[in-house]
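Asker: If you scroll down you'll find the structure; I have some questions about it.
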Amino acid sequence: MALAIGVDLGGTKIAAGVVDENGTIVAANRRPTPSLSSEAVIDAIAELVLELREQHTVEAVCVAAPGFVDAARSTLMFTPNLPMRNEALGARLTSSIGLPVLIENDANAAAWGEARFGAARGRANAVILTVGTGLGGGVIVDDRLVRGAFGFAAEVGHMTLIPDGLECGCGQRGCWEQYTSGNALLRTARHLAAQQRTDAQRLLSLGDGTPEGIQGQHITLAAQQGCPVAIASFNQIGEQLGRGMATVSALLDPEVFVIGGGVCEAGDLLLAPIRAEYEVRLTARSHRPLPTIVAATLGNDAGIVGAADLARQG
Ligand SMILES: [Zn+2]
């Protein structure tokens, strides 16, 4: 069976896996991301791939990178969290590894993983949203990953949700991810806890008792235990996700939305408010089939599995 390697290049760690044609990871390895230079990152990826190839015969490699990748899927144009600008990552890795190496945006790779082997398997038209530090997205139309003319498609987190709203790291204001990311959930929970201390007791008790001491995982735990402020925080994030997803449907009309990322571990605490607001906001909702809105199933492996499949397809 043909094997390929998917590499998930993150700001803090690089994870790599040998993946078979069924999307199963048969071997995996990881190491911290070197922060000093582009060369150090490239060397670390090459070493990981070399180690995996000692035990397995692979035919291609794809690196899922956290940034903008050019249309040729070779140059990492820009990445906010790594020391790389306009870096010919694909060509440099191809020459040092001796195998074809593609570069893909990490959210796109994770979306492809979910589309081929996860929650959107068998669906030709899907939108995958990854709720993490930011809000990433991937779009599948007619069984194909949509990359756009220049490779920059599906940056859904930077669609404007609130005109002149909160400042975003991208330099604009009111971007969707400012209201829907894991960071937005944390900000919302801390704000509500400061205002409603009695209702936030359970949530506050999981940290050091102050709103600033609340951490992301506390919110899920407290919400599962019925804490009103934690539940309200998920409601707010879910509403803003559902609101934006109705706009996405106006453009793409997907048959399924897949919600991934760490925040989706909250399950229906997040999905229920998403579905409710989505239906309120959807144009002509009584006269059309509704897409399903489901949680991702591949978890942190989606990027590796998706990248390896893209590598195999070339
Ligand atoms: Zn933005």
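Asker: Filtering the range 9-34 down to residues that are open to solvent by less than 40 Å² (accessible area, probe 1.4 Å) and in a strand (DSSP E or B), which residue is nearest to residue 68 (Cα to Cα)?
Answerer: 9
Asker: Could I ask something else about it? Condition first: more than 16 Å from residue 182 (Cβ to Cβ), open to solvent by 10 Å² or more (accessible area, probe 1.4 Å) and assigned to a helix (DSSP H, G or I). Now tell me which residues in the range 214-238 satisfy that.
Answerer: 224, 228, 231, 232
Asker: Can you tell me which residue within the range 285-308, out of those that are of a type in the set (A, V, I, L, M, F, W, C) and within 18 Å of residue 250 (Cβ to Cβ), is most open to solvent (accessible area, probe 1.4 Å)? Walk me through it before giving the result.
Answerer: Step one: filter the range 285-308 for residues of a type in the set (A, V, I, L, M, F, W, C), giving 290, 293-296, 298, 302, 304-305, 307-308.
From what is left, the residues that are within 18 Å of residue 250 (Cβ to Cβ) are 290, 293.
Values: 290: 77, 293: 10 Å².
Residue satisfying both the conditions and the ranking: 290.
Asker: Looking at residue 174, is it touching a residue at least 12 places away in the same chain (Cβ under 8 Å), surrounded by fewer than 21 Cβ atoms within 10 Å (Cβ to Cβ) and within 13 Å of the ligand (Cβ to nearest atom)?
Answerer: yes
Asker: For the range 72-167, list the strands (runs of 3 or more DSSP E) that sit wholly inside it and hold at least 3 residues that are open to solvent by less than 40 Å² (accessible area, probe 1.4 Å) and over 30 Å from residue 238 (Cβ atoms); which are they?
Answerer: 101-105
Asker: Listed residues 203, 102, 145, 93; which is under 20 Å from residue 73 (Cα atoms), away from the ligand (no atom under 16 Å from the Cβ) and either outside the structural domain of residue 51 (by TED's automatic domain parsing) or free of Cβ contacts under 8 Å to residues at least 12 places away in the same chain (or both)?
Answerer: 145
Asker: I'd like the full set of residues that are modelled with pLDDT of 95 or more and within 22 Å of residue 134 (Cα to Cα), limited to the range 77-104.
Answerer: Matches in the range 77-104: 103, 104.
The values are calculated or read from the model by the stated rules, or taken from the named source; none is laboratory data. Just so we're clear, the structure is a prediction, and the values are computed from it rather than from any experiment. Using ideal geometry, Cβ is built from the backbone for each residue, glycine included, and neighbour counts are taken over all protein chains shown. Only protein heavy atoms, including side chains, enter the accessible area calculation; ligands, DNA and RNA are left aside. Shrake-Rupley method; radii C 1.70, N 1.55, O 1.52, S 1.80 Å.
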